[in-house]
Amino acid sequence: MTARARKAPVWEPGLIPAPGDLLDWRDGRHFDRWQDLPCVLCGQPTPMRSHRSEPVHKTCAEGWIAANPVKARQGRFASDVQPKRGNASDDA
């Protein structure tokens, strides 16, 4: 393994929002209630974590996606996986 090997996601990320859209980070694992760390984008303390455990404010991540739409497709920041919903015909 190389020194620059990527960290594996802490949990499975979902879709990457379009630039200007909001991230859906409802999962409690995005919040570290024990420690604030400097945001990787703005440097201010934050309890928030990305799927890769990067300390980052949700708004900073959304701004980064808007400013870097091509790099954003690589999945640095993503929304949570959404549960699949069945069709209305499945309820019948």
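The values are calculated or read from the model by the stated rules, or taken from the named source; none is laboratory data. Quantities reported herein were computed from a predicted structural model and do not represent experimental measurements. Virtual Cβ from ideal backbone geometry, glycine too; neighbours counted across all protein chains shown.
Table: residues versus (1) more than 16 Å from Gln82 (Cβ to Cβ); (2) touching a residue at least 60 places away in the same chain (Cβ under 8 Å); (3) β-branched (Val, Ile, Thr).
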| position | (1), (2), (3) |
| --- | --- |
| Ile16 | no, yes, yes |
| Leu22 | no, no, no |
| Asp27 | no, no, no |
| Leu37 | yes, no, no |
| His57 | yes, no, no |
| Ala61 | yes, no, no |
Could you say whether any residue in region 18-36 is in a loop (DSSP other than H, G, I, E, B), among the aromatic types (Phe, Trp, Tyr) and modelled with pLDDT of 90 or more? yes
Suppose the filter is surrounded by 15 or more Cβ atoms within 10 Å (Cβ to Cβ), of a type outside the set (Asp, Glu) and in a loop (DSSP other than H, G, I, E, B); does Leu41 pass it? yes
